[in-house]
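The values are calculated or read from the model by the stated rules, or taken from the named source; none is laboratory data. Please read these numbers as outputs of a predicted model, since none were measured by experiment. Ideal geometry is used to build each Cβ from the backbone, glycine not excepted, and the neighbour counts take in all protein chains shown. SASA here: full protein model, heavy atoms, side chains in, ligands and nucleic acids out. Shrake-Rupley method; radii C 1.70, N 1.55, O 1.52, S 1.80 Å.
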Amino acid sequence: MIVKSKIEGLNEWLFIEDIPDAFTPGNTIGEKKVTIERSPIKMVNHQLTSGGLFLMYSEMKFTENVRIYTAVEGETVTSHFIFYHPASTKRISPYSGGSRHNIRFIPSSSATYELKPGIDYTYFMMVISKEYYYKLIDRHSSLHEDFVQEIDKGLSASYGAQDMLVTPEMHRIISELREDKKTGELRRLHTEAKVLELLIYQIEQLNNEQPEAGKLLRDADIDKLERARIILETRFADPPTQKELAQEVMLNESKLRRGFKEYFATTIYDYITRLRMELAKNLLLEERKTIYEVTLITGFRHQANFSIAFKKYFGISPSDISGLGNTG
């Protein structure tokens, strides 16, 4: 399979990767990081490749409107995730831009995306050969009978009838793939496990999709939910109660709870928890704050409560992760 991309109007390709379709147990994971900085683009691509597998995590910003052309040649199963926020703001939320996802089978395809200046984009692309996909999920599994029938016809197909909002679990897996520091066999096993885990979360959500759900929210309601999200992002250390939040955005409290869960695919409580924990991890690892300082910054009254919440969320205590940050 071949995966390639370029900016319309520029002769040079951003990347061209020719990857064997065959999945071979024990294949090593190839890793490549490419920085492209020339007008009108600034892009950092982090690529992982193996037999039958291409993953790309890209951070992009532009000084003028651009159109990016991307093509995939060969029978592949693909997923795309894109997140964005104004460059003038510090991104806290992984949900800015309401990113959606699906699983698609594409015999060969190309698409052009228009991207704007003043926006920071984060893009994750997963391309899997048909053979690799069937190694991960047995072709006879009841999970994807209809999808497999379309694949066997050799026609383009989407797993879900409609695209769904990216969940916190999906964003977590994408981040773990990007941040993984393992090498050799451990890196290969970890990558394969995370790719399968991401597919499982996608399939689970797409199997449970409710086609009429999106029609329950009006544009005016969505605007109020976006305002609620912004309020939580700026005040998550001392967030308003759900009743107070509903009053601020002028939504019925019940509709706020149900609408937030539907539109952002997470509860208000879980959203606040994620914001606190992601900030806490950054403060411990990058800014080398003490656990006591992080406890106060993230809005916990007692260090013990913070440590319990942190370990429940990440599976590792803040003292352990703080020690990792101090190793260099």
Do the sum for the chain: with -39,500 (n - 2.57) for every DSSP H run of n ≥ 4, divided by all residues, what is the mean residue ellipticity at 222 nm, to the nearest 500 deg cm²/dmol? -12500 deg cm²/dmol
Among the trypsin sites (Lys or Arg not before Pro) within the stretch 147-184, which fall in a DSSP loop and have no more than 15 other Cβ atoms within 10 Å of their own Cβ? 181, 182
Name the residue farthest towards the positive end of the dipole of the stretch 146-252 from the options 246, 149, 177, assuming +1 on Cβ of Lys and Arg, -1 on Cβ of Asp and Glu, about the Cα centre. 177
In the chain, taking the dipole from +1 charges on Lys and Arg beta carbons and -1 charges on Asp and Glu beta carbons about the Cα centre, the listed residue (236, 68, 202) farthest towards the positive end is 236
Percent of accessible area on the stretch 245-328 owned by carbon and sulfur, 1.4 Å probe? 51 percent
In the stretch 246-328, the trypsin sites (Lys or Arg not before Pro) that fall in loop regions by DSSP, at most 11 other Cβ within 10 Å: 288, 301
Just round it to a whole percent: the fraction of Cα-Cα distances in the stretch 16-135 exceeding 26 Å. 25 percent
Dipole check, the chain, charges on Cβ (K,R +1; D,E -1), about Cα centroid: among 304, 168, 117 the Cα furthest to the positive pole belongs to 304
Under the Karplus curve 6.51 cos²θ - 1.76 cosθ + 1.60, θ = phi - 60°, whole-Hz ³J(HN,Hα) for the stretch 275-292, x wherever Gly or Pro sits: 4, 5, 5, 5, 5, 4, 4, 5, 5, 6, 7, 8, 9, 6, 6, 6, 4, 5
Past 30 Å, Cα to Cα: identify those pairs from 42/224; 4/261; 181/311, in the order given. 42/224; 4/261
To the nearest 10 degrees, how steep is helix 253-264 against the longest Cα principal axis of the chain, on a 0 to 90 scale? 30 degrees
So how strong a dipole does the stretch 117-162 carry about its Cα centre when Lys and Arg Cβ are +1 and Asp and Glu Cβ are -1, to the nearest 20 debye? 120 debye
Evaluate the Kirkwood expression for the hydrodynamic radius of the stretch 1-72, namely the inverse of the mean inverse distance over all pairs of different C-alpha atoms, and round to one decimal in Å. 13.3 Å
Among rounded, prolate and oblate, which fits the stretch 122-261 when a ≥ b ≥ c are the square roots of the eigenvalues of its C-alpha gyration tensor, a/c under 1.5 means rounded, and a/b larger than b/c means prolate? oblate
Take the Cα coordinates of the stretch 246-328, assign each an equal point scatterer, and use the Debye formula without solvent to give log10 I(q)/I(0) at q = 0.20, 0.21, 0.24 Å⁻¹. -0.85, -0.89, -1.04
Please work out, to two decimal places, the log10 of the ratio I(q)/I(0) at q = 0.18 Å⁻¹ from a Debye calculation in which every Cα of the stretch 135-190 carries one identical scatterer. -0.89
For the stretch 28-92, run through the GluC sites (Glu not before Pro) and keep only the ones in DSSP coil with at most 11 other Cβ atoms within 10 Å of their Cβ. 64
Calculate one ³J(HN,Hα) per residue across the stretch 119-124 by plugging θ = phi - 60° into the Karplus curve 6.51 cos²θ - 1.76 cosθ + 1.60, and present them in order as whole Hz with x for glycine and proline. 10, 8, 10, 10, 10, 10
Tell me, what is the per residue accessible area of the chain in Å², probe radius 1.4 Å? 51 Å²
Roughly how many debye, to the nearest 20, is the charge dipole of the chain about its Cα centre, given +1 on each Lys and Arg Cβ, -1 on each Asp and Glu Cβ, and no other charges? 960 debye
Convex hull per residue volume in Å³, alpha carbons only, for the chain: 153 Å³
Give the angle, between 0 and 90 degrees and rounded to the nearest 10, that separates the Cα long axis of helix 184-207 from the longest principal axis of the Cα atoms of the chain. 80 degrees
Going by alpha carbons, how many degrees (0 to 90, nearest 10) lie between the helix axis of 219-235 and the longest principal axis of the chain? 60 degrees
Stokes-Einstein at 10 °C, 1.306 mPa s, Kirkwood radius from Cα pairs: D for the stretch 283-322 in µm² s⁻¹? 161 µm²/s
